[in-house]
Amino acid sequence: MRKKSNPYTIILLSFLVTLCIGTLLLALPIAQKHPVPIIDHFFIATSAFTVTGLATIDITADYTYFGLTVIMLLIQVGGLGIVTLGMVIFILIGRKVGLKNRFLITEALNQTSIGGIMRLVKFVLIISLGFEFAGTLLLALEWIPEYGFWNGLYRSLFTSISAFNNAGFALHSDNMMSHRTNPVINFIVTSLIIMGGLGFTVYIDLIKKKSFHALRVHTKIMLIGTICVNFFATALIFLLEMHNQKTIGGYHWFDQLQMSYFQAVTTRTAGFNSIDIGAMNTDSLLLMMLLMFIGGGSTSVAGGIKLTTAAMVIFGTISYIRGQEEINIFERAIEMKFLLRSFAIVVLSSTLIFIITFLLVQVEHDLPFLPLFFEVVSAFGTVGLTMGVTAKLSVAGKLLIILMMMIGKIGVLTIVFTFSKPKKQLYHYPKQDILTG
C-alpha cells in the first residue's frame, strides 16, 4: 500500500529546492559585479523568497541586472507561493489538478476546505499581477522622468513587485529614504503594501458580498483591524519621534505625518524604510517589534502571527474576563478550535523568537542586545527592517536569521505538522480542575 504523502513535507521540500536554485543563480558570474561569499547569496535568496528584505550586502552595488532580476523573480514566486505557482502552471498547460494536489494547495493557502480552491488560485494570480502592473505604471510616471525610460521602468517594476509582495527590497542604497517627503511615492508604495497584506480571501468576499453586514467575520476583522492598527501606529510613531532630529524631527508637520504613516504601514511586514531605523527612540522600536510580530492577514503575502490571530487572542481574553462561555465577534460565534489554534501560534512563535534570540546573543558577543532582538523579530515577521546589524553578523548569526526567515514564511504550525502526526482523540479522560494564575 502506498504511503500517504504529508502535504507539509512537500511544501517544505519545494521551499528548500527553490532556495537552492535561487542561491545557485545568484552565484553565477553573470549575476555578480564582483565575487560575493556563498553565504550571502544564500541569505539574499532566502530573504527574497521569504519576501523579507533583510540584506547582508548592498544588492544594487553587488548584483548585475541579471542578479537583481533573479531576486525580483524570487520575490514574485515567494509572494505567490511555490505550490500556487505550480498549480498555475498546471492550469496553463491544461493538466488536470487531482484531489491530492488540491489538498496540497489548500494547506499552502491556509484554507479550511478544498471547495473552490482552483478558483482561488486563479484569483490570486490575477489580483497579484493586476496590482503589480498598476503599481508599475504609477511609479513609472514619477521615476521615468527622473531616471530615464528603461532604468525608471525597471525600478518601477522591481519596487511594485517588492511592495505588493511585502518584500522591502529597493533599488536605492538608502532604501526609500531619498523619497521620504514625496507623497506620491509614499502613497503608491504603502497602498501596494496594504493591498498585498489584506489577503486574497478578503478580495473574494468583497466581490461576492453586496453589504458590509454580509461579509465574513474574517474580512471584517481584516478591514477594521488594518485601518485601526495603521491609524494608531501612525499616531504613536508621530508622537514618539516628532522631536527626534535624527528621524522626523525638524521636518514640516505634513512630512512628519507621511513619514510616520509610511513607517507604520511598512513595519507590519513590508520592510521598506524612509527614516533611519537605528536612530529611532527605544519606545518606537518596541512598538515596531509588536507590529512586526502581528504582521498582516492570512492567505496574504504578509508574515507575522497574522492580524486575525492577534484578534482571536484579544477577543478570547475579553470573553473570559466577561465570563462568557463562547467567543462572539460581529454577532457570530467562533468555534473554540480557532482560539486554541491562535494561542498555539502565539506560544510557538514567542518561544521560537526567544530561542533564536538566545542563540544569536551567544554567537554575536560584540553586538548589542536590542538590535539583535529587533533583527530576530524582523526576520520572523518577514519584515526586513534592521537597526544596522545584518551586515555585521557572523556566518553562524546569518544562518540563524536565515532559519528564522524560513520559519516565518512557512509558518510555525507548518513546521510542527511536518515533523508530527496529529491524531484525532477517540476517547476522553475524566475531567479535573487545575489551579492557574
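Quick look at the numbers
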quantity	calculated
Breaking point among (1) crowded, with 23+ Cβ neighbours inside 10 Å; (2) on the phi > 0 side of the Ramachandran plot, for residue 162	(2)
Filtered residue count, region 199-215, keeping only those that are open to solvent by less than 20 Å² (accessible area, probe 1.4 Å) and touching a Leu at 6+ places or on another chain (Cβ under 8 Å)	5
Matching residues, region 317-337, being closer than 23 Å to residue 214 by Cα and of a type outside the set (Lys, Arg)	326, 327, 328, 329, 330, 331, 333, 334, 335, 336
Residue in region 98-106 that is part of a helix (DSSP H, G or I), surrounded by 18 or more Cβ atoms within 10 Å (Cβ to Cβ), at pLDDT below 85 and among the aliphatic types (A, V, I, L, M) present	yes
Selection from region 336-366 of residues that are among the small types (Gly, Ala, Ser) and in contact (Cβ under 8 Å) with a residue 24 or more places away in the chain	342, 344, 349
Pairs where the first residue, in region 308-335, is more than 17 Å from residue 222 (Cα to Cα) and in contact (Cβ under 8 Å) with a residue 12 or more places away in the chain and the second is open to solvent by 30 Å² or more (accessible area, probe 1.4 Å) and among the aromatic types (Phe, Trp, Tyr), C-beta under 7 Å, 6+ apart	327/315
Filtered residue count, region 26-64, keeping only those that are in contact with a Ser or Thr (Cβ under 8 Å, 6 or more places away or on another chain), open to solvent by 20 Å² or more (accessible area, probe 1.4 Å) and in a loop (DSSP other than H, G, I, E, B)	3
Unmet requirement for residue 169, which otherwise passes all of (1) part of a loop (DSSP other than H, G, I, E, B); (2) among the hydrophobic types (A, V, I, L, M, F, W, C); (3) more than 18 Å from the chain's Cα centre (by Cα)	(3)
Single residue of 157, 139, 129, 125 found to be among the aliphatic types (A, V, I, L, M), assigned to a helix (DSSP H, G or I), surrounded by 16 or more Cβ atoms within 10 Å (Cβ to Cβ) and at pLDDT below 95	125
Any hit, region 319-327, residues being assigned to a helix (DSSP H, G or I) and under 30 Å from residue 53 (Cα atoms)	no
Boolean, residue 408 is in contact with a Gly (Cβ under 7 Å, 6 or more places away or on another chain), at pLDDT below 95, buried (at least 22 other Cβ atoms within 10 Å of the Cβ) and part of a helix (DSSP H, G or I)	yes
Among the candidates 363, 389, residue that is surrounded by 15 or more Cβ atoms within 10 Å (Cβ to Cβ) and closer than 21 Å to residue 267 by Cα	389
Region 110-122, subset part of a helix (DSSP H, G or I) and open to solvent by less than 50 Å² (accessible area, probe 1.4 Å), residue modelled with the lowest pLDDT	117
Given (1) under 18 Å from residue 48 (Cα atoms); (2) crowded, with 19+ Cβ neighbours inside 10 Å, number of the condition residue 403 does not satisfy	(2)
Test: residue 175 is touching a helix residue (DSSP H, G or I) at 6+ places or on another chain (Cβ under 9 Å) and either among the charged types (D, E, K, R) or touching a residue at least 60 places away in the same chain (Cβ under 8 Å) (or both)	no
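The values are calculated or read from the model by the stated rules, or taken from the named source; none is laboratory data. Just so we're clear, the structure is a prediction, and the values are computed from it rather than from any experiment. Please note: Cβ atoms are built from the backbone with ideal geometry, for glycine as well, and neighbour counts cover all protein chains shown. The area values use the complete protein model at the heavy-atom level, side chains included, leaving out ligands, DNA and RNA. Shrake-Rupley method; radii C 1.70, N 1.55, O 1.52, S 1.80 Å.
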